[in-house]
Amino acid sequence: MGILFRMTFSNMQQSSSFQAIKVAIINDENYKNDLYFSNAISSLEKSDTHSEKDQSPILNVTYVDDLESANILLENKSISGILQLEQQKPALTFKSPGVRETILKKIVESINDKRPIYEQQLANLETNIESAIRSKIKSGQKPNIKELQSEIGQSISQNLSHKLKDLSENTIDFHSTSDKVLDYAVIEYYSLIAMACLSGAFISMFTISSMLANMSERGKRLSVSSAKKPVLILSSFLSCYLTHLILLTVIFLFNIFILKIDYGNNLPRILLISTLGSLAGISLGTSIGTLIKATAEVKTNIITFFFLFSCFLAGMMGPAIKYLVDTNLPFLNKINPANMIVDGLYSLNIYDDFSRYNSNIISLICFSFLCIFLSITVLKKQKFKSL
């Protein structure tokens, strides 16, 4: 499937260099008077000519006088979204969900989240001026208030300028952490990674089924042996997990060195969440193997349906599907292990910190331990009248 993905997206990758996101901004009094937000947007409009890679601007802004003019541009698909400020609160309008819309939403959220820094510095301006005046008076000097305001204001302005530069260059590095900027095909590969991780459920399901007395001759022998079931389960679980990790390593090596997939500078974190995704897949197969009383064929069909459907919800058919599910049925993707993997990988390229990535890591660990706990509990209680 990775080869097919590569063939399908090869042309797309060649033309996937980042293009500034087109947005219309209502240039009314609310926007003009909000110096913080207007300066932040302005910094994202400028290209980074000092960067080693000479990165293009992130935003392509069209300023309009009213919402009606902006809606015309949106209906004609000339822009990705509309931004309007209402009492220092940004409001975004989109025609349809998509990757660019998601990025634009996160840009605006990130700018707005850093507003308290700006407001705190303005609040400190008056305090600093009063402190400087007292210091001058104590030393017997006549304070020049205008000069003090200018010096302190300039210091705060320079500090804010650094914050905005950090916002546009580092904190929200939407150009990408790799040389290939915002490669949309990589998003599809993320769902493929999730699929590969969850496929470990087949290995553990067949292994655990062979240990059940009502499923195989080997299971009958194990049930009457003196071996402790938790020990048997743990040893089998670890062997399945190690086997699947080896297979997952082969997949990554094939993608990186044969298909030349660029995973960017976050490869260690990608490997970490993939390792935990493999753990979730093995745990899922173990729980299905123990909780469902059916033949191996039925269990196989259940696992196949589960991970295909979960990968579909996580965006295998396109990022728009994931966006729709996250917007309308957020709880569904919160408990979806495939989405935990995809969302964790997706957040590495889109979001400006690792909080969302870390929450997905924790979710995968909790999901895995829940499956393992249920499996051990059920197996310990299993008893058969006759074999």
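The values are calculated or read from the model by the stated rules, or taken from the named source; none is laboratory data. Just so we're clear, the structure is a prediction, and the values are computed from it rather than from any experiment. Neighbour counts run over all protein chains shown; Cβ positions are idealised from the backbone, glycine included.
Key figures
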item	result
Residue in the stretch 336-343 that is in contact (Cβ under 8 Å) with a residue 12 or more places away in the chain, outside any helix (DSSP H, G or I) and within 12 Å of the chain's Cα centre (by Cα) present	no
Counted residues, the stretch 14-61 - those being modelled with pLDDT under 85, of a type in the set (Val, Ile, Thr) and crowded, with 19+ Cβ neighbours inside 10 Å	1
When residues of the stretch 303-334 are limited to those that are farther than 19 Å from Leu192 by Cα and of a type in the set (A, V, I, L, M, F, W, C), the one surrounded by the most Cβ atoms within 10 Å (Cβ to Cβ)	Leu324
Qualifying residue in the stretch 284-301 (condition: within 25 Å of the chain's Cα centre (by Cα) and either of a type outside the set (S, T, N, Q) or not in a helix (DSSP H, G or I) (or both))	yes
Leu74 being at pLDDT 60 or above, assigned to a helix (DSSP H, G or I), in contact with a Gly (Cβ under 6 Å, 6 or more places away or on another chain) and within 22 Å of Ile41 (Cβ to Cβ)	no
Residue tally, condition of a type in the set (A, V, I, L, M, F, W, C), under 13 Å from Leu364 (Cα atoms) and touching a Ser or Thr at 6+ places or on another chain (Cβ under 7 Å), over the stretch 313-340	2
